[in-house]
Amino acid sequence: MKKLFSLALLAIVIGACNTHPQFVVEGTVSDAADKVLYFEASAISGIQSLDSVKLNGKGSFRFKADEPESPEFYRLRIENKVINFSADSTETISFKASYPEFATGYTVEGSGSSQRIKELTLMQMELQSQADALLKLAQSRQIGVDVYQDSLTTLVKEYKEKVKNQYIYAAPYDASAYFALFQRLNNVQLFDALADKEDVRCFAAVATSLDNRYPHANRTKNIYNIAIKGLRNTRQAQPSTEEMPEFDVQETGIIDIELSDVRGKMHKLSDLKGKVVLLDFTIYQTEVSAAHNIALNQLYEKYASKGLEIYQVSFDVDEHYWKTIASNLPWICVRDINSTNSSLLSLYNVQGIPAIYLINRNSELSARSETIEDFDEAIKKLL
């Protein structure tokens, strides 16, 4: 009898340990027999596996997870096909999908935020498709690089305006607004949290809304820190940084680059530590390139003897054209063969070409801009 009582008590204790409020993710995936469906969390620190199931002929599934402290992001994945969604309470979110169109043709019920995330995902896919088509035209020389850049800029501008008005400013407290801020094109974040004044306003709007509802959540702290940096960089007056509490942020140094010059010699950006460096991302086959290099040369002649170096990365498609120009320039000229698909554009959050970064003698990013004129006084202070 005592043994039975002890077992019953243990069962009660175990049950009590599992009473944390949970949300449910359920649904069906047709044409996916024997496929493994993964349930994952899209945390700030990266993707985390939560659960998985091998689908049978019916394709039904049901997952549970603890209710998050604030709206959080999750995903369902089969192989490389992904459905992104959000959960913020003890809701039940239902999906219906087929394996061939798992990432695009699904339906979702029980979560308005997840429906809006689907809309944003499909919009971004269409934007990427249009950008890829433009790049192919440029690579085949059916359009010039200047036309390509102008067309791409117009596409991105129109996309961002739509997203700002319909998703971010319309409901800055919604998970879809947060999701929109971190969408990418060619691996480059569409909304520049550090240098674009209009984009920083978007981050500040979402940060303020989240703080009103979830002041202690990690998501809130994360986007607040981003917004604070952006407000400082763009010298925004509203919302003032005094109204926004700052949390601990670890500052990082430069992201290293190692590319070859016209003679095949490799150059590492980190090897220039001890010098003041202008890191310049450019495309020689643009209308502004000649004037841009003339302005660079003026700075180089003025400060090279005092410790300034220029590390110029070209994203030109035409290698011969790049070599012709680079061979006549006095600074370090390298080229990324991945052109505008380069991961460097994402890592440095490049929003337009040219893009210039000022690096101090300790290999730390000091400033960024799209015009040379902004740097003369800043370089003088660092030398």
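Quick rundown of the values:
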quantity	calculated
Ranking of S86, S42 by count of other Cβ atoms within 10 Å, fewest first	S42, S86
Estimated FRET transfer efficiency when R0 is 22 angstrom, pair Q22-N218 (beta carbons, to 0.05)	0.70
Contour excess over end-to-end distance, with Cα ends at E158 and E119 and 0.36 nm allotted per residue	12.4 nm
Zone residues, the range 284-309, relative to N328, backbone N less than 19 Å from point 7 Å out along Cα-to-Cβ	284-301
Mean Cα-pair separation over length for the chain, i.e. relative contact order, pairs under 8 Å, 6 or more apart, %	11 percent
Sequence-distant residues sharing a close amide H with I332 (under 5 Å, placed H)	I310, Q312
Subset of K197/K268; K81/K118; K306/K380; K96/K118; K58/K96; K160/K197 violating a 20 Å alpha-carbon distance limit	K197/K268
Contour excess over end-to-end distance, with Cα ends at T107 and I337 and 0.36 nm allotted per residue	78.8 nm
Protection-proxy order for peptides 199-207, 67-75, each taking the mean of Cβ atoms within 10 Å per residue, highest first	199-207, 67-75
Relative packing of peptides 324-335, 275-286 - highest average C-beta neighbours within 10 Å first	275-286, 324-335
Gain in span if fully extended, V82 to K302, counting 0.36 nm per residue against the direct Cα distance	74.0 nm
Alpha carbon centroid spacing (whole Å) that separates the range 338-366 from the range 101-151	24 Å
Computed E for S45/A133 - FRET, C-beta separation, R0 35 angstrom, nearest 0.05	0.50
Efficiency of FRET between I255 and K58 - r from beta-carbon atoms, R0 56 angstrom, step 0.05	0.75
Backbone HN-Hα couplings from phi across the range 314-329 [Karplus 6.51/-1.76/1.60, Hz, Gly and Pro as x]	9, 10, 5, 6, 7, 5, 4, 4, 4, 4, 4, 6, 4, 4, 9, 10
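Values quoted throughout were computed directly from the atomic coordinates according to the rules given, and no laboratory measurement underlies them. Note that this is a predicted model, so its numbers are computed, not measured. Counting neighbours? That spans all protein chains shown, and the Cβs are built from the backbone with ideal geometry, glycine included.
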